[in-house]
Amino acid sequence: MGASVQRHDGHIAIAGTLTEDDDLIPLAGGLTGKVTIDLSGLRRINSAGVRMWMLFVRAVPPSVELTLEKCSVPFVNQMNLVRDFVGGARVTSVYVPYLCTKCSKSPVRLASLGEAMPEAGKCDCGGALEMDADEQHYLAFQR
Ligand SMILES: [Zn+2]
């Protein structure tokens, strides 16, 4: 079972689990102009999925202005692990993982890159939330 890809003109949402079943190269070849990919629903990428994704970004025509937004935590982890994971794409926002100090829920908050980290706020249970990653390491893909 692979990922679901929904496309509306220049806006694409990729969700679910990215695996060897997800040949995204035909998608890449059809892109023109400005394209934004929403990765908020991407739950998992297996090792074959990593390869499929990297083939995809390399198959995007150089004239395409590719933006990645709302990158899920698993996607950000891959960006930090795999060199050149997003090729020439621009990343505008990522989800940051938090952990409740009281009930162990792990909500996420959307962070726009280049801006301050979002306020952690409180968990639904009233407990304090702490960032569940080292900020320097989590955002290391930007360098
Ligand atoms: Zn809680």
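Observations on the model:
- The phi torsions of the stretch 116-131, fed into the Karplus equation with coefficients 6.51, -1.76 and 1.60 and a -60° offset, translate into couplings of 5, 4, x, 4, 5, x, 10, 6, 3, 7, x, x, 7, 9, 10, 4 Hz, rounded to whole numbers, with Gly and Pro shown as x.
- A cut-off of 5 Å between modelled amide H atoms, ignoring neighbours fewer than 5 places along the same chain, links LEU68 with ILE37, ARG90, VAL91, THR92.
- Charge sum, other residues only, whose C-beta stays under 13 Å from LEU129's C-beta, Lys/Arg counted +1 and Asp/Glu -1: 0
- Residue exposure sequence - ILE12, ILE45 - by fewest surrounding Cβ within 10 Å: ILE12, ILE45
- Relative contact order computed over the stretch 1-140 (Cα-Cα under 8 Å; 6+ residues apart), in percent: 18
- Among VAL91, THR19, MET52 the positive-end extreme of the charge dipole of the stretch 1-91 (Cβ point charges): VAL91
- A simple count of charges around LYS105, restricted to other residues whose Cβ falls under 14 Å of its Cβ and scoring Lys, Arg +1 and Asp, Glu -1, yields 0.
- Angle between the chain longest axis and helix 47-59 axis [Cα atoms, degrees, rounded to 10]: 50
- Separation in nanometres of the label points that stand 7 Å from Cα toward Cβ, at LYS102 and HIS11: 3.6
- From least to most packed, judged by other beta carbons within 10 angstrom and beginning with the fewest, THR101, THR92 follow the order THR101, THR92.
All of the numbers you see were taken from the coordinates with simple rules; none came from a lab. Keep in mind that this is a model prediction, so the values were computed, not measured. Neighbour counts run over all protein chains shown; Cβ positions are idealised from the backbone, glycine included.
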